[in-house]
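Below: the structure, in structure tokens.
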């Protein structure tokens, strides 16, 4: 069939007729601009993608067919947008022009044509395999480029129609829930159906909704009993639900957005279970925000989902993504050590382009943040950062009134850090950090009293010196003093033990000091105090301290200030207060 058969009017009409669906190919009003973006970062990243293009026109650098090329296509198409909004023709033309050099140049669509023919034309391919491939190609390629998914034949080398829509529909199975697909495949199926303007089967929608965890997130396996948010899966689910017309007024979407918002790291990134932040997870979270009508570099999406997010500092995910760019143009990933591929760079480009206002699934209505006073925003931030929860109305009203009556931010922070709840929360965080479990009520009460008395390090040392901690160092055998020395040094000082550090710990034990006493010495060392200062800056200011600031605060604690005094003073600082104000 003809190579670049475009999406024809009847298909668009179906999309528009679905009143709850996002109009495919619409050019929405762009979100308000965030911090100025560096187009050079996007251009350099796309230039690097060209160096990775394979002879077949695709980008399967890692060697897994279909893993990288669809995202590269969407990145190339996005980078070619001349302004806010999404123009299918601009995206399509850029992808076609992105071809190899030689007598028979190939572009990315040629590579996808071959991949599709291989899977869809193979009698041994299952309906689930075909549907999973079709869903991803439809969501990331045919709809954004305005191609006809019912006849996908960019290379014009097939005698009959290559019908991805039919393949997608056939994969639903007898229960119409796409049960034969993995959970992420089902989410992509929902996304693709919504992108085509089709009403998804109720069974599929119910399956996605039922997979939501108590914390609002979703995990790779779709297990509702799971814990810990997988930002990649959660982001894809949010996009899929939004593309089918569900907004932040929907409980599932709102809860997922809240869970995603809570899991953002102090750097502005999102992380997987295997790292402390990566461009893929960050990009998918940003694209979810864009699909909800928000500039991904601003917190409107999470504040609309939960108004008590208003004021909680929102470190720029775009800035940290740009900062990851290497000298060669690619967006560096912690996974690069396992072999470089184009996946992270492609998704990062998509996200940065979305910040500039171009994303094919942006809704026509732009997100409008709730109107919240500056005092209430500050109180919201104090509760989130100091108590690890959202405000209750009584507490918020009280402290907002105190600020209005002349109490300073530092004084309010001091009141909050003096509560028993704060002491219990700090103690619980210590138990989770050192023992990977929550503190019991009794432990929270005992440790909390120490924290409120200015003795946080005594509470921490008691955990690090406990038999439970000692045994957990080597759960499969008998922990040695050497193993404990390495573990406690890392937890107390914040870096792996060198020979001198290990010898110091062992010498202290040999001299008869208890493990708790040794842990307390490490926590109170210059390096231990420096780690406290660093962690407090990250918790509140979302950045690492400058050398002068680190030195100053270490000196203050050495001179008798408690860790909670440090928390109070930084929480009351002008920098922190400013970070809680509405974005400009």
Task: the stretch 548-584, subset under 25 Å from the mean Cα position of the chain (by Cα) and not in a helix (DSSP H, G or I), residue modelled with the lowest pLDDT - done: 584
Task: Elements of type helices (runs of 4 or more DSSP H) in the stretch 448-547, at least 3 residues being closer than 27 Å to residue 568 by Cβ - done: 456-464, 481-493, 515-523, 526-541
Task: Candidates 118, 100 - the one that is touching a residue at least 12 places away in the same chain (Cβ under 8 Å), surrounded by fewer than 16 Cβ atoms within 10 Å (Cβ to Cβ) and over 15 Å from residue 360 (Cα atoms) - done: 118
Task: Tally of residues being in a loop (DSSP other than H, G, I, E, B), over 14 Å from residue 347 (Cα atoms) and modelled with pLDDT of 95 or more across the stretch 35-59 - done: 7
Task: Pick from the stretch 76-96, criterion under 27 Å from the mean Cα position of the chain (by Cα) and closer than 13 Å to residue 356 by Cβ, ranking: modelled with the lowest pLDDT - done: 83
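Residue by residue, here is whether (1) touching a residue at least 12 places away in the same chain (Cβ under 8 Å); (2) in contact with a helix residue (DSSP H, G or I) (Cβ under 9 Å, 6 or more places away or on another chain); (3) surrounded by 24 or more Cβ atoms within 10 Å (Cβ to Cβ) holds:
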position: 81; (1), (2), (3): yes, yes, no
position: 87; (1), (2), (3): yes, no, no
position: 132; (1), (2), (3): yes, yes, yes
position: 139; (1), (2), (3): yes, yes, yes
position: 156; (1), (2), (3): yes, yes, no
position: 175; (1), (2), (3): yes, yes, no
position: 183; (1), (2), (3): yes, yes, no
Task: Every residue from the stretch 226-273 that is closer than 23 Å to residue 332 by Cα and in contact (Cβ under 8 Å) with a residue 60 or more places away in the chain - done: 266, 267, 268
Task: Counted residues, the stretch 258-295 - those being over 23 Å from residue 388 (Cβ atoms) and surrounded by fewer than 21 Cβ atoms within 10 Å (Cβ to Cβ) - done: 1
Task: Odd one out for residue 204 among (1) assigned to a helix (DSSP H, G or I); (2) crowded, with 21+ Cβ neighbours inside 10 Å; (3) in contact (Cβ under 8 Å) with a residue 40 or more places away in the chain - done: (3)
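Here is a yes/no grid of residues against (1) under 17 Å from residue 293 (Cα atoms); (2) assigned to a loop (DSSP other than H, G, I, E, B); (3) in contact with a helix residue (DSSP H, G or I) (Cβ under 6 Å, 6 or more places away or on another chain):
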residue: 215; (1), (2), (3): no, yes, yes
residue: 220; (1), (2), (3): no, yes, yes
residue: 223; (1), (2), (3): no, yes, no
residue: 229; (1), (2), (3): no, yes, yes
residue: 232; (1), (2), (3): no, no, yes
residue: 237; (1), (2), (3): yes, no, yes
residue: 240; (1), (2), (3): yes, no, yes
residue: 246; (1), (2), (3): yes, yes, yes
residue: 249; (1), (2), (3): yes, yes, no
- [ ] Check whether at least one residue in the stretch 253-271 is under 19 Å from residue 323 (Cβ atoms), modelled with pLDDT of 95 or more and not in a loop (DSSP other than H, G, I, E, B), and report yes or no.
- [x] yes
Open item on the list: Being touching a helix residue (DSSP H, G or I) at 6+ places or on another chain (Cβ under 9 Å), in contact (Cβ under 8 Å) with a residue 24 or more places away in the chain and either closer than 23 Å to residue 39 by Cα or not assigned by TED's automatic domain parsing to the domain that holds residue 262 (or both) is the requirement here; does residue 315 meet it?
Closed with: yes
Task: the stretch 338-355, subset assigned to a loop (DSSP other than H, G, I, E, B) and either buried (at least 24 other Cβ atoms within 10 Å of the Cβ) or on the phi > 0 side of the Ramachandran plot (or both), residue modelled with the highest pLDDT - done: 342
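The values are calculated or read from the model by the stated rules, or taken from the named source; none is laboratory data. Since the model is a prediction, treat every value here as computed from it, not as a measurement. Note that we place each Cβ from the backbone using ideal geometry, even for glycine, and neighbour counts take in every protein chain shown.
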